[in-house]
Amino acid sequence: MRAGSKFLVMCLCLLGSRVLIAQQLNVKRMELSGDNIILHFSLLDSLAGRTYSVNLYSSRDNFVNPLVHVSGDTGMDIKPGVERKVVWNAKQELGASFDDKIAIELRAKVYIPFLRFDSFTKIKRGKSTQVTWRGGTPQHVLNFELWRKGERVLTIPNVPNAGHTQLVLPSSVKKGKGYTFIIVESKNKDLAIQTMPFVVKPKVPFLVKTLPVLAAGIIFKDILFPPEGPDPIPDPRPTPDRN
C-alpha cells in the first residue's frame with residue numbers, strides 16, 4: 001500500500017432499535033500511523049448493560065465481509081463508551097502494492113448471540129474434543145474460526161448446527177493460552193459469536209514423553225557402569241598373644 005492511497009471514511013450504524021431508546025455511533029476522527037489507520041469513535045446507549053457487535057468494512061468487496069486485520073474496540077460484546085477506537089492494518093489487509101481509493105465503513109449493532117456454547121477450558125492437540133451448544137436453526141451451517149492475539153489460526157468449515165461436534169486441532173497449532181473460537185454462520189457473516197478463552201495443550205505432556213527416555217538412560221548407564229557395592233568389611237584385628 002503506497003502512501004498516496006486515498007481513504008474515504010463513512011459511518012453506518014445498524015442498531016435495529018426503537019425510537020424511545022437513544023443510541024449513537026459517531027466517528028470523531030481518523031489518523032494514519034505507519035501502516036495503520038485508526039478510527040476514533042463514540043458509541044452511546046441510554047440502556048445500561050447492553051453490548052454491541054462492532055466491525056469495519058471496505059468498498060473492496062462492496063462492504064460484504066468484515067475486515068480481518070483489525071484490533072481495538074472491535075468484534076463482539078463491545079461495551080458503549082465515549083473513547084473507543086478501531087485500529088486497521090491496511091497494508092496487511094490490502095497488500096503492499098495497493099494504490100487506489102477505498103472507502104471504509106464502521107458498523108455497530110446490538111450484540112445478541114444466536115448460539116450459546118457450553119463452557120470448556122482446554123483442547124488437546126490431535127485429540128477429539130466434543131463441544132456442545134444451543135440455539136440457531138437446523139438450516140445454519142457454521143464455520144469455526146480459531147483465533148489468538150488478533151490473528152486467525154485456522155478455520156474448520158461447514159459444521160452442521162446439530163448442537164454438538166467433535167473438534168480436532170492439528171499438531172501445528174502452538175500450545176498456550178488465549179485461544180478463542182469465533183463461530184460464524186457460513187452464509188450470514190452478521191451471525192457470529194465468540195467463545196470464552198481456552199488453553200491448547202499437547203496430546204501427551206512433555207514430562208510423560210521424556211520419562212521413558214530418562215528411564216532407558218538410567219538402565220543403560222547401570223549396565224555399562226554398574227554401581228560399586230559397599231566397601232568390603234575389613235578383617236578383624238589379630239588378637240594379641242597373652243602368653
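Things to note:
- Odd one out for Glu93 among (1) touching a Gly at 6+ places or on another chain (Cβ under 7 Å); (2) within 30 Å of Leu44 (Cβ to Cβ): (1)
- In the stretch 143-165, the residues that are in a strand (DSSP E or B) and in contact with a His (Cβ under 9 Å, 6 or more places away or on another chain): Glu151, Pro160
- Consider the stretch 110-135 and keep the residues that are among the basic types (Lys, Arg) and over 18 Å from the mean Cα position of the chain (by Cα). The one that is farthest from Asp190 (Cα to Cα) is Lys127.
- Wholly within the stretch 37-142, strands (runs of 3 or more DSSP E) carrying at least 1 residues that are surrounded by fewer than 19 Cβ atoms within 10 Å (Cβ to Cβ): 70-72, 75-78, 81-89, 102-110, 115-117, 122-124, 129-135
Each reported figure results from applying straightforward, stated rules to the coordinates on display, with no laboratory input. Keep in mind that this is a model prediction, so the values were computed, not measured. Cβ atoms come from the backbone with ideal geometry, glycine included; neighbour counts cover every protein chain shown.
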